[in-house]
Amino acid sequence: MFHVQLSEIDTAQNLVALFLQRADQQGDRPFLTAKIDGTWTPMSYAEAARQVCILAENLRAMGLKDGDRVVIVAENRPEWCIADLAIMAAGLVSTPAYTTNTEGDHCHILNDSGACAAIVSNAKLARVLLPAIMKTGKARHVVVMEGVSTAQSGAYDLHRWDTMISGDAEAARHAVDARIAGIGREDMACIIYTSGTSGAPRGVMLPHRAILHNAGAAAYVLSEEFGWGEERFLSFLPLSHAMEHSAGLYLPIGLGADIWFAEGLDKLSSNLEEAQPTFMIVVPRLFEVLREKMIKTIAKQGKLANFLLGRALSLGEKQVAGHDGLLTRPDQWLLSATLRPKIRQRFGGRIKALVSGGAPLNPEVGGFFSAMGLTMLQGYGQTESAPVISVNLPSVGIKLDTVGPPLRGVDVRIAEDGEILVRGDLVMLGYWGRPEDTERALEGGWLHTGDVGHIDDKGRIKITDRKKDIIVNDKGDNVAPQKLEGMLTLQPEIAQAMVAGDKRPYMVALLVPDCEWAHQWAMDNGEKFDMASLQGLPAFRSAMKAAVDRTNAELSVIEKIRKFTLADEPFSVENNMMTPTLKIRRPFIKAQYGDKLDALY
């Protein structure tokens, strides 16, 4: 591997310049690898650079001008990365959108951003995007990667991907080099829309410096903490999310690493073993799902496996509590000789660290993976900070109820009301078209995160809750709902939970039963497996109550869940009750189940 200089990330004028520098250094080494017709197929750095430059010039040939916005609607794939880089190389502004967006979501982004063009991957996604383009009258040009006929177009011009990446590579590179020489670190690279846990998504304007700062600071962390070699990232989170965009695309570019694209949740286990990544970035909900699957798999393997699982769970609890000294060494040795090699192999055998971001990670979940011998780093940030603010470091000590110290070059202070304030190159330019929101968010030159927390004696940030999500009961006591929800969903009976109790005498919960557990319960009790019917059975509700009671045993008096009700269906992106990064959307859930929750008082 060509040993790239990490300092080049800090001195790069813009993201495209950094990529082209890496492409010149890496040449024919793999950059983007995806499974095509059942075979993992790599694209080299050199070929990616060729396609980026030609696509950039063909975008300009459409008549697009400096600063025009271009929407990307595609699943994670090599073409997504090519499109993002090419848009910036053309002097345009990349505007990613989630593949889970509805037609209304696309209308909002098209209207709000005033996009002049769009790039879409396939017919399924085009069926949602194109009607939004027709309704809004935006995006006069649409580039389609595959599966969409370009024989006829109406209100917009359709362009084929293979045509858009064809042309004179040498001339295109010269044109791109000349153009990006005038693009500086303060210029806007992209508009990333927040996932919208409440209200309509806002467009966060990120300059090149913010993403370069994130990539440079994260590269420094990885090289200092884990050494540096042939690095490989497995890309799973949507590239339209700021976390994957910065840490899953531009961090690997900065490291000169290669990126493999996971095929989806159903094939993630096999993809991990095949790709053999050294790093992977995942949201907490996925770790919760993996933990449950691993526990159930091990539990079916006999007495010895169950004994080892018990030791692992016990060790995880001790590590969370900070008791990871001499007394835990026998368990460490036992697990290292038995379970840990098998678990590491399931993650490909080369994994250096799993990075959790996008939402709070329950410490018990992190403790489980840590006990299994996997290094779990919880990061913290938000779209407005490009997005990483801090991350746990082994050298400082990984404390799983914290999110680690701030990255290099990041200033953090705690306001009088407990809000976490952030300053540095990572901070956004503002919200697109929303000067008043921008002024509030960046008051006094500090990014007001909306998160509440404190800094411990080792400089690690501890988040207690979202400022606006904190529940204040009728006696004025503050309760952090995310903590309670995380504890509830650790129970095998509970898949999802939302707690409520603002201005009320006690806490209540809306619960979604775990489907696998409910199916087994029905079989064991001679009942037909129908979730709606099961919820009406007193015995089923008693089993759910037992799960709540176990959680309550670990809670203070003001936190205890006194009553609960059951949801009609799981929270999902499709029913608007979860964001694309699997965070619950409280206002939407309360709108649907407000009467049920009110009836508990």
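Laboratory data are not the source of any read-out in this text; all were calculated from the coordinates shown. The structure displayed is predicted, hence computed values, not measured ones. Here Cβ is always computed from backbone atoms with ideal geometry, including for glycine, and neighbour counts include all displayed protein chains.
Below is a table of values for the structure above.
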{"quantity": "For the stretch 471-598: relative contact order, % (alpha-carbon pairs under 8 angstrom, 6 or more apart)", "calculated": "24 percent"}
{"quantity": "Protection proxy ranking, peptides 365-375, 25-35, 174-184, 88-98, average beta carbon neighbours within 10 Å, highest first", "calculated": "88-98, 365-375, 25-35, 174-184"}
{"quantity": "Projected-area average for the chain over all orientations - Cα convex hull basis, square nanometres", "calculated": "28.2 nm²"}
{"quantity": "Net charge contributed by nearby residues that have their C-beta within less than 11 Å of ASN362 (K/R +1, D/E -1)", "calculated": "-1"}
{"quantity": "Charge dipole of the chain about the Cα centre (unit charges at C-beta), most positive-ward option of TYR220, ALA178, GLY316", "calculated": "GLY316"}
{"quantity": "Within the chain, helix-based [θ] at 222 nm, where runs of 4 or more DSSP H residues each add -39,500 (n - 2.57), nearest 500", "calculated": "-12000 deg cm²/dmol"}
{"quantity": "Surface/4 of the Cα convex hull for the stretch 337-452, nm²", "calculated": "9.0 nm²"}
{"quantity": "Protection-proxy order for peptides 405-413, 385-393, each taking the mean of Cβ atoms within 10 Å per residue, highest first", "calculated": "385-393, 405-413"}
{"quantity": "Mean-position separation - Cα centroids, the stretch 76-153 and the stretch 424-452, in angstrom", "calculated": "27 Å"}
{"quantity": "Using distinct alpha-carbon pairs, which all enter the 1/r mean, Kirkwood radius of the stretch 337-401 in Å", "calculated": "12.7 Å"}
{"quantity": "Mean Cα-pair separation over length for the stretch 1-58, i.e. relative contact order, pairs under 8 Å, 6 or more apart, %", "calculated": "27 percent"}
{"quantity": "Helix 303-320 vs. the chain, principal-axis angle (Cα, 0 to 90°, nearest 10)", "calculated": "80 degrees"}
{"quantity": "Among 70-76, 437-443, the order from most to least packed when residues are scored by Cβ within 10 Å on average", "calculated": "70-76, 437-443"}
{"quantity": "Amide H within-cut-off set for ALA353, under 5 Å, with H built and near neighbours excluded", "calculated": "MET280"}
{"quantity": "For the stretch 471-598, the fraction of alpha-carbon pairs in successive 10 Å shells from zero, as %", "calculated": "13, 44, 35, 9, 1"}
{"quantity": "Normalised contact order of the chain, rounded percent, pairs of Cα under 8 Å and 6 or more residues apart", "calculated": "11 percent"}
{"quantity": "For the chain, share of DSSP beta bridges that run antiparallel, in % to the nearest 5", "calculated": "50 percent"}
{"quantity": "Whole-Å semi-axes of the stretch 424-514's equivalent ellipsoid (Cα gyration tensor)", "calculated": "31, 17, 16"}
{"quantity": "C-alpha long axis of helix 15-26 to longest principal axis of the chain, angle in °", "calculated": "80 degrees"}
{"quantity": "Size of charge dipole - the stretch 412-541 - debye, nearest 20, with Cβ of Lys, Arg +1 and Asp, Glu -1, no other charges", "calculated": "180 debye"}
